[in-house]
Amino acid sequence: MERDEREIGRKFQQATKYKRGRLPLHESSTARTPIPFKIYADAKTVELPKPETSGGAPLWDVIAKRRSHREFGLKSLTLEELGQLLWAGQGITYKTAGFGFRAAPSAGALYPAETYFLATNITNLLPGLYHYNVRKHEAELLKEGSLELELAAAALDQEFVADAPLTIIWTVIVERSAWKYSQRAYRYIYLDTAHIAENVMLAAAALGLGACGVGAMYDDEVNNLLGVDGETETAIYLCVVGKR
Ligand SMILES: Cc1cc2nc3c(=O)[nH]c(=O)nc-3n(C[C@H](O)[C@H](O)[C@H](O)COP(=O)(O)O)c2cc1C
């Protein structure tokens, strides 16, 4: 690795600090706030069951019992469980003046993250790669078939990824955040995604499921699988979920 590459993290952290009296001008590169939804208009869609928005397991119990789980039985997940997990991550929980605020916080409410998932063993759902349509609470089928070995290979060959009935994959569309925050957006996209992922992992614990965040990946192998370019939209984080 070149010296410059070894230094890149430190330089980035220093260059994107806010300093009193020297705040960067947030010049917007486009006139309008980017639309925070990606839609695959031609995809076959699957309506997801309406999520529970009250009740559930007590929060302190859930926090106390959340652990990373990497071993899953052969049991499938239900569509209800899938819908609840996706809603917990990115579902719209409050609407005002036509704007939908979501379950997880987002810097400037710009919502740069997109949710995809690989369904490997979900009752009444064809195995394949899907995109979560936040507005409609629907799954959009992007690629039908068993892709778990390919995804596990892309996840730094971590075999447990192939055993999971569900792997959620988050990307970000950088411009949604960079539009306002310029280079500092590169901090916020990770913070945003981590908030979403933790909501999902707590929801999994609340449902008695096992989950584990996966940050180790060959980024562009995951991007290729998703069909995104790795620049304007790029994979950030994965989360496997299954029955313990
Ligand atoms: C950003 C991040 C990336 C992670 N990546 C992986 C991973 O690639 N593979 C893995 O097995 N666990 C991964 N983990 C899970 C951690 O190993 C786990 O959270 C840690 O060991 C603490 O255990 P706990 O989650 O049970 O408290 C990741 C966790 C985080 C927060």
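The values are calculated or read from the model by the stated rules, or taken from the named source; none is laboratory data. Just so it is clear, the structure is predicted and the values come from calculations on it, not from any experiment. FYI the Cβ positions are ideal-geometry reconstructions off the backbone, even for glycines, and counts take in every protein chain you see. These area figures cover heavy atoms from the full protein model, side chains too; ligands, DNA and RNA do not enter into them. Shrake-Rupley method; radii C 1.70, N 1.55, O 1.52, S 1.80 Å.
Multiply the residue gap between Met1 and Leu126 by 0.36 nm, knock off their C-alpha separation, and tell me the result in nm, one decimal place.
Full-extension gain reported as 40.7 nm.
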Rounded to the nearest whole Å², what accessible area per residue is found for the chain with the 1.4 Å probe?
54
Electrostatic dipole magnitude of the chain [Cβ: Lys, Arg +1; Asp, Glu -1; Cα centre; debye, to 20]:
1340
Can you compute the radius of gyration and Dmax for the stretch 1-135, using only the Cα atoms, both in Å?
20.1, 58
Enumerate the calculated ³J(HN,Hα) couplings along the stretch 153-161 in order (Karplus 6.51 cos²θ - 1.76 cosθ + 1.60, θ = phi - 60°), each rounded to whole Hz, writing x wherever the residue is Gly or Pro.
4, 5, 8, 6, 6, 7, 5, 4, 5
Taking Cα centroids, how far is the stretch 104-129 from the stretch 78-92 in Å?
9
I need the GluC sites (Glu not before Pro) found in the stretch 1-87, filtered to DSSP loop residues with at most 15 other beta carbons within 10 Å of theirs.
Glu2, Glu27, Glu52, Glu71
What is the diffusion coefficient of the stretch 159-244 in µm²/s, taking the Kirkwood radius over Cα pairs and the Stokes-Einstein relation at 4 °C with a viscosity of 1.567 mPa s?
94
Output ³J(HN,Hα) for the stretch 96-110: one whole-Hz value per residue in order, computed from phi by the Karplus curve 6.51 cos²θ - 1.76 cosθ + 1.60 with θ = phi - 60°, and x for Gly and Pro.
8, 6, x, 9, x, 8, 10, 4, 9, x, 8, 4, x, 6, 9
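Do you know the relative contact order of the chain, to the nearest whole percent, from alpha carbon pairs under 8 angstrom that are 6+ apart?
Averaging sequence separation for qualifying contacts and normalising by length gives 25 percent for the chain.
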Could you pull out the pairs from Lys11/Lys180; Lys19/Lys95; Lys143/Lys180; Lys136/Lys243; Lys50/Lys180; Lys44/Lys75 whose alpha carbons sit more than 23 Å apart here?
Lys19/Lys95; Lys143/Lys180; Lys136/Lys243; Lys50/Lys180; Lys44/Lys75
Need one word for the stretch 89-207: rounded, prolate or oblate. Basis is the Cα gyration tensor (sqrt eigenvalues a ≥ b ≥ c); a/c below 1.5 gives rounded, then a/b vs b/c decides.
prolate
Quantify, in whole percent, the carbon and sulfur part of the accessible surface of the chain (1.4 Å probe; protein heavy atoms only).
51
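Please pull out the direction-averaged projected area of the chain, using the convex hull of its alpha-carbon atoms, in nm² to one decimal place. Walk me through the intermediate numbers first.
On the way: hull surface 60.8 nm².
Directional mean of the projected Cα hull area for the chain stands at 15.2 nm².
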Please list, in chain and number order, the residues 5+ apart from Leu142 or on another chain whose amide H is under 5 Å from its amide H, with Hs placed from the backbone.
Leu129, Tyr130, His131
Show the residues, 5+ positions off or on another chain, whose built amide H is closer than 5 Å to the amide H of Arg102.
Thr93
Sequence order, the stretch 11-19: Karplus ³J(HN,Hα) from phi using 6.51 cos²θ - 1.76 cosθ + 1.60, θ = phi - 60°, Hz rounded, Gly and Pro as x, gives 5, 4, 4, 6, 6, 9, 6, 7, 10
